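See structure below.
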Amino acid sequence: MAVLEIVKVGSELLRQQTETVPKVTKKIVGLIADMIETMYAADGVGLAAPQVGILLKIIVVDVGEGPFALINPRIIKAEGEEIDVEGCLSVPGKQGYVRRAAKVWVDALDEKGKNVRIEAQELLARALQHEIDHLNGVLYIDLLEEEIPDNGVKGV
Ligand code: NI
């Protein structure tokens, strides 16, 4: 496993559309392990593949219940609305209020290539929406309601 370099705002890599992963190969599983290690090294709670310069639809998340990866994730349903603070490992030193759905349902493949459906609320719902935005070249700073000084909320 390896800690990868996190791509920072200003790089075009963060603004690209990503490719669907056709098959969960050993290489993909290895990339996921590196992404999880990178997320922990940066003290984050989520990371998307474009943030390590890989333009594939892969995200990893750990909101305190253990790490997991989602491959080709897509939001199939969203409910409610919530404004809260978020930050991004690719936008250091900044945080801000972003409006997100309060609850989302996400379909994806897991690390074994199996279909999974995640029902998420609170921090997990926010992290998933933030990471899935990364897969479409969208950063939270595009959606900011209000920027605030870094107050220690963990980045995604
Ligand atoms: Ni981010």
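Where a number appears in this text, it was derived from the coordinates with a stated rule and is not lab data. Just so it is clear, the model here is predicted, and its values are computed rather than measured. Note that each Cβ is placed from the backbone with ideal geometry, even for glycine, and that neighbours are counted across all protein chains shown.
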HN-Hα couplings for the range 120-137 via Karplus (6.51, -1.76, 1.60; θ = phi - 60°), in whole Hz with x for Gly/Pro, come out as 10, 10, 6, 4, 5, 4, 5, 4, 5, 5, 4, 5, 5, 4, 4, 6, 10, x
Averaging sequence separations of C-alpha pairs under 8 Å and six or more residues apart, then dividing by the length of the range 12-148, give the relative contact order as a whole percent. 26
At 7 Å along the Cα-to-beta-carbon direction for both residue 102 and residue 143, put a label point, then send me their distance in nm to one decimal. 1.7
In nm, what is the difference between 0.36 nm times the number of residues separating residue 121 and residue 3 and their Cα-Cα distance? 39.6 nm
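Counting only helical runs of four or more DSSP H residues, what would the 222 nm mean residue ellipticity of the chain come to if each run contributes -39,500 (n - 2.57) and the total is spread over all its residues? Kindly include the intermediate steps, with their values, before the conclusion.
Working: 2 runs with 29 residues, N = 156.
Here the helix-only value at 222 nm equals -6000 deg cm²/dmol.
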If each K or R counts +1 and each D or E counts -1, the residues other than residue 139 whose Cβ falls under 9 Å of its Cβ total -1
Average projected area of the Cα convex hull of the range 12-148, in nm²? 7.6
Compute the distance in nm between two label points, each set 7 Å from the Cα along the Cα-to-Cβ direction, one at residue 23 and one at residue 77. 3.4
For the chain, percent of DSSP beta bridges that are antiparallel (nearest 5) comes out at 95
Whole-Hz ³J(HN,Hα) for each residue in the range 15-30, computed from phi via Karplus 6.51 cos²θ - 1.76 cosθ + 1.60 with θ = phi - 60°, x for glycine and proline: what do you get? 10, 9, 6, 10, 8, 5, 7, x, 7, 7, 8, 4, 4, 5, 4, x
